[in-house]
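The values are calculated or read from the model by the stated rules, or taken from the named source; none is laboratory data. What you see is a predicted model, and the numbers here were worked out from it, not measured in a lab. Quick reminder, even Gly has a Cβ in these numbers, built from the backbone with ideal geometry, and neighbours come from all protein chains shown. Side chains are part of the model used for accessible areas, which takes the heavy atoms of the whole protein and leaves out ligands, DNA and RNA. Shrake-Rupley method; radii C 1.70, N 1.55, O 1.52, S 1.80 Å.
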Amino acid sequence: NQLTGSIPSEVGLLSELYQLLLYNNQLTGSIPSEVGLLSGLRRLHLFSNQLNGTIPTELGSLENLEATFNLSSNVLTGTVPMELGNMTNIEKLHLSNNKLVDSMLHLGNSASFTYLNLSQNELISFPFSHSWKNLEVLDLTENKINQEISVNLDGLSSMK
């Protein structure tokens, strides 16, 4: 598709929506906070658009999302809201190719992650957590991270 324009805030009225798949389009503007009202949502894919602004904290309310959360290849800025740590079913978090700058300390307690891709952002540091027992892939390439990481990798035995 080649959908253009912004995602309308009225999307939050679609209370029975199961999937919101708007990837590979030309969507602009910010992600409406009303998306966080879609409590039955199982899949949310907004990657490969031109969405900008910050990631709404309300997305952390989407506790029923399954497997993959993908906002990569947009122009998202700022930090990843700590509320994303509430999405306990997410195994793969794709936030690559944006303009995110914060260190995301709040993801430290999320044990379900097997895959974290935060490459091609503007991160200056990244906290590692021993609670990521299932983490297999961590991609932090092409960031501005300037910290010692080897000390923090102890205990991440599932890394491949």
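Report the net charge of residues surrounding residue 120, where surrounding means a beta-carbon distance below 13 angstrom and charges are Lys +1, Arg +1, Asp -1, Glu -1. Net charge in that neighbourhood comes out at -1. When the solvent-accessible area of the stretch 1-54 is split by element, carbon and sulfur atoms take up 49 percent of it, the probe being 1.4 Å. When the charge dipole of the stretch 1-87 is built from unit charges on Cβ atoms (+1 for Lys and Arg, -1 for Asp and Glu) and taken about the Cα centre, the candidate among 12, 55, 75 whose Cα reaches farthest toward its positive end is 75. Let me make sure I get this right: for the stretch 1-130, a, b and c are the square roots of the gyration tensor eigenvalues over alpha carbons, sorted descending. Under 1.5 in a/c it's rounded, otherwise prolate if a/b > b/c, else oblate. Which is it? Because a/c hits 1.5 or more and a/b fails to exceed b/c, the stretch 1-130 counts as oblate. Under 5 Å from the amide H of residue 78 lie the amide H atoms of 101, each residue being 5 or more positions distant or on a separate chain, with H modelled from the backbone and absent for Pro and chain starts.
The residues of the stretch 19-123 expose, per residue, 38 Å² of accessible area to a 1.4 Å probe. Peptide packing: for 90-97, 9-16, 30-37, 63-70, the average count of neighbouring Cβ atoms within 10 Å per residue gives the ranking 90-97, 30-37, 63-70, 9-16, highest mean first.
Summing Cβ point charges (Lys, Arg +1; Asp, Glu -1) relative to the Cα centre of the stretch 1-87 gives a dipole of roughly 240 debye.
Counted by Cβ distance under 12 Å from residue 59, the other residues give a net charge of -4, where Lys and Arg count +1 and Asp and Glu count -1.
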